[in-house]
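Read-outs throughout are calculated quantities, based only on the coordinates presented, and are distinct from any laboratory measurement. All figures in this text were calculated on a predicted structure; none of them were measured in a lab. Because the Cβ atoms are built from the backbone with ideal geometry, glycine has one as well, and the counts that use them run over all protein chains shown.
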Amino acid sequence: MWLETFKSFLSIALELTVLFVVISFVINLLQSYIPYEKVEKFLSGKNKGLAAVFALIFAFITPFCSCSTIPVVVNMLKKKMPFSIVMVFLFSSPVLDPTIITIMGVILGWKVTIIYTIITAVFSVIIGFALEAFGFEKSVKNVVMTGYKEESKKFDVRAALHETFELMKSVYPYLILGAAIGAIIHGLVPTNWIAGTFGSNNWWVVPIAAIVGIPLYIRLSSMIPISQVLIAKGMALGPVMALMISSAGASLPEVVLLKSIFKKELVITFVASVITMSTVSGFIFYLV
């Protein structure tokens with residue numbers, strides 16, 4: 001049994017490694033053609049609908065985890081960008097990682113990935129504009145940030161390889177961790193138990209998965225191989241996606257960082273919004 005678990009780990013890890021390196025390298029090359037200055041101009045524009053679209057695009061082309069998103073958010077607030085647009089970026093950036101979404105498409109299927117992308121993008125926009133409508137802009141502290149430096153990235157092949165290596169140092173360990181957990185679940189956890197406990201008829205698993213995902217701080221890169229195994233074992237897609245979105249969208253380290261720039265009521269609302277987005281998304285996956 002342990003030998004089979006080890007073989008499963010090697011298989012998952014090898015597949016993820018190849019995908020991660022190739023996809024990261026290609027995306028890093030493509031980023032040299034992205035006009036960041038124009039994107040920033042549209043983010044600050046008067047047409048908030050168009051600005052929200054560009055906030056989603058900016059979130060997609062900047063592969064940040066939930067914690068590394070915070071310095072960018074502070075910089076956007078410092079530049080007096082519309083609060084709703086900043087919130088759209090805050091919610092969408094951790095869950096719309098281009099590398100991980102591409103890997104998700106290969107591992108979990110493109111139908112699941114497209115639905116996931118649409119749901120997270122739409123919810124990010126709705127929540128961002130709702131927070132502004134309810135006056136949460138007043139809950140932003142006057143924070144002065146130091147040490148943040150914007151860079152105009154112009155990649156060549158050598159620079160893209162370097163960036164891929166740097167990304168591997170920060171993200172790859174989580175991919176391997178996810179592969180290890182997935183292999184253990186695959187080899188040691190009974191299929192009948194997972195299917196019976198977390199199967200499609202147990203609707204209550206969705207909100208529980210959404211709540212549990214936040215303190216776990218399982219990065220999206222770790223959740224992909226784990227999700228693949230859980231689904232193969234019979235776990236319903238709804239709770240899997242709820243767990244994936246909540247763990248990526250609002251980790252405990254991120255919440256701690258948010259307390260330094262947001263007042264308590266906005267931090268609580270942020271966490272509640274991520275749980276709501278995760279729960280509703282999970283039920284949507286039940287329907288489709």
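Here is how the numbers come out for the structure above:
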| quantity | calculated |
| --- | --- |
| Residue-span extension gain [Val106 to Ala272] - 0.36 nm each, minus C-alpha spacing | 56.7 nm |
| Order of Ser273, Ser222 under a 10 Å beta carbon neighbour criterion, fewest first | Ser273, Ser222 |
| Ranked list, fewest to most other Cβ atoms within 10 Å of each Cβ, for Glu254, Glu15, Glu166 | Glu166, Glu15, Glu254 |
| Distant-in-sequence amide H partners of Phe262 (H built 1.01 Å from N, under 5 Å) | Lys141 |
| For Leu258, Leu243, Leu287, Leu237, order by how many other beta-carbon atoms lie within 10 Å, fewest first | Leu287, Leu237, Leu258, Leu243 |
| Loop trypsin sites (Lys or Arg not before Pro), region 56-123, which have at most 13 other Cβ atoms in a 10 Å radius of their Cβ (DSSP) | Lys79, Lys80 |
| Length gained when the stretch Val256-Lys78 is fully extended (0.36 nm per residue, less Cα-Cα span) | 62.1 nm |
